[in-house]
Amino acid sequence: MGILKKFSIIGILCLLFVSGCQKNPKNEVLEPISATEFVFNTVSMISVYENKGERDTEEIINEAFDLCVYYDHLLSRMKEGSDIWNINHSDGEAVTVSEETKHLIDKSINYGNLSEGAFDISLGVLSSMWDFTAENPSVPSGEKIKEALSHTGYEKIVISEDGIYLKDSAAQIDLGAIAKGYAADKVKEFLISEGITSGIINLGGNIVVFGGKPEGKGEKLPFDIAISEPAKREDAGVIGYFSLEEGSVVTSGNYERYFEEDGKLYHHILNPETGYPAESGVDSVTIYSESSADGDALSTICFILGTEKGLELIESIDNTEAVFIDSEGEIFYSSGIEKEIPYTKLK
Ligand code: AMP
Ligand code: MG
């Protein structure tokens with residue numbers, strides 16, 4: 001075969017790669033087509049490694065972000081006109097909501113029961129009071145917290161044939177601990193329906209990967225999902241990775257949203273019993289699960305329950321694993337984890 005012919009074959013191969021993805025000559029791993037947007041009040045990223053469908057990858061990614069915006073407008077307690085906003089502002093009247101909202105509220109109530117009340121989506125009044133996203137948040141007075149606690153308790157949420165309502169009209173639903181995970185699952189479903197066979201969805205730390213990372217020669221590698229060092233500062237480093245071809249990895253940590261007052265740090269995951277940030281001795285929990293909605297709820301729950309009770313709960317749930325990092329920096333793993341940090345792997 002002449003040199004010219006060899007070149008033309010290589011040329012065609014290169015073209016094929018470039019049309020879908022870029023080739024990294026060093027390790028032959030294909031570079032993804034990625035986009036980053038600010039949704040769910042956080043930075044979110046979608047990366048596509050392989051598109052076997054008919055449509056343009058960029059176009060599909062744009063539509064995937066539209067889907068995120070759709071879920072944000074459906075499930076946010078802050079967005080006027082969302083299903084949750086409508087329930088919270090109906091003065092106790094039943095509100096007709098989408099099947100998806102109903103499903104997610106029902107799922108959250110089940111997680112409330114499973115966690116014996118640690119997971120409580122009726123903490124909306126407390127969430128507004130603490131307002132961790134405000135420019136200058138401050139610790140609410142003990143009186144205010146006591147008053148807010150009298151309007152919490154997920155048993156006040158009623159799912160009826162006429163719709164959903166709050167028995168206590170001053171109570172408020174907040175799906176902040178589960179909505180991003182749910183949306184990440186839905187984005188994955190959408191991408192797959194469009195012919196995407198490999199990708200990463202990262203909605204503010206709720207990460208879903210699927211299809212493995214395609215390697216140049218047709219082989220698949222695991223994705224390495226970073227686990228942050230739970231330092232209470234913005235420039236926290238990476239302590240290790242979760243290596244995974246398929247599934248969801250979600251972390252709840254005390255470094256994600258917090259503020260400092262009089263030398264004490266206050267983070268955004270609240271103990272429904274006290275109305276104050278949960279103090280279970282855990283700095284971060286990372287959950288592996290198939291569904292990201294479940295992983296999202298469970299990471300919040302395990303953060304509140306602490307290492308011992310949290311691990312007990314995780315061991316009772318199939319196909320779900322956890323990595324806890326406590327305030328002493330000690331790391332605890334559930335039994336389905338084979339390789340430990342820095343390259344955590346499932347058995
Ligand atoms: P995450 O970052 O997923 O652990 O969720 C934290 C968010 O969930 C907070 O910003 C609140 O909106 C909400 N939240 C806080 N404490 C609780 C709780 N005990 N149960 C359910 N949701 C909570
Ligand atoms: Mg959560």
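The values are calculated or read from the model by the stated rules, or taken from the named source; none is laboratory data. Not measured: the values here are computed from a predicted model. Note: ideal-geometry Cβ built from the backbone for every residue, glycine included; neighbour counts use all protein chains shown. Calculation scope for accessible area: heavy atoms of the full protein, side chains included, ligands and nucleic acids excluded. Shrake-Rupley method; radii C 1.70, N 1.55, O 1.52, S 1.80 Å.
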Next on the checklist: Looking only at segment 189-215, filter to residues that are open to solvent by 10 Å² or more (accessible area, probe 1.4 Å) and without any contact (Cβ under 8 Å) to a residue 60 or more places away in the chain; which one of those is nearest to ligand 2 (Cβ to nearest atom)?
Outcome noted: Glu189
Next on the checklist: Please verify whether Ile239 is at pLDDT 95 or above, part of a strand (DSSP E or B), more than 26 Å from Ile33 (Cβ to Cβ) and more than 16 Å from ligand 1 (Cβ to nearest atom), treating the condition exactly as stated.
Outcome noted: no
Checklist outcome for this item: All-but-one check, Tyr165 against (1) touching a Phe, Trp or Tyr at 6+ places or on another chain (Cβ under 8 Å); (2) outside any loop (DSSP other than H, G, I, E, B), failing number (1)
Next on the checklist: Quick check on my filter: what residues within segment 56-73 are open to solvent by less than 70 Å² (accessible area, probe 1.4 Å) and either aromatic (Phe, Trp, Tyr) or not in a helix (DSSP H, G or I) (or both)?
Outcome noted: Phe65, Tyr71
Checklist entry - Which is touching a helix residue (DSSP H, G or I) at 6+ places or on another chain (Cβ under 7 Å) and loosely packed, with under 14 Cβ neighbours inside 10 Å, of Ser98, Ser76, Ser44, Ser115? => result Ser98
Checklist entry - Is there any pair linking a residue in segment 239-256 that is more than 11 Å from ligand 2 (Cβ to nearest atom) and of a type in the set (D, E, K, R) to one that is open to solvent by less than 10 Å² (accessible area, probe 1.4 Å) and part of a strand (DSSP E or B), with Cβ under 6 Å and at least six apart or on different chains, and which? => result Glu246/Phe210
Next on the checklist: If I go through segment 290-304 residue by residue, how many of them are in contact with a helix residue (DSSP H, G or I) (Cβ under 8 Å, 6 or more places away or on another chain) and surrounded by fewer than 24 Cβ atoms within 10 Å (Cβ to Cβ)?
Outcome noted: 2
Next on the checklist: From the list Asp185, Asp174, exactly one residue is away from ligand 1 (no atom under 12 Å from the Cβ) and in contact (Cβ under 8 Å) with a residue 24 or more places away in the chain. Which is it?
Outcome noted: Asp185
Checklist entry - Can you name every residue in segment 270-289 that is within 15 Å of ligand 2 (Cβ to nearest atom) and either open to solvent by less than 10 Å² (accessible area, probe 1.4 Å) or polar (S, T, N, Q) (or both)? => result Asn271, Ala278, Ser280, Val282, Ser284, Val285, Thr286, Ile287, Ser289
Checklist entry - Tell me, which residue of segment 290-319 that is in contact with an Asp or Glu (Cβ under 7 Å, 6 or more places away or on another chain) and not in a helix (DSSP H, G or I) is nearest to ligand 2 (Cβ to nearest atom)? => result Ser291
Checklist outcome for this item: Residue hits (segment 312-347; among the polar types (S, T, N, Q) and either closer than 21 Å to Ala278 by Cβ or open to solvent by less than 50 Å² (accessible area, probe 1.4 Å) (or both)) are Ser316, Thr320, Ser327, Ser334, Thr344
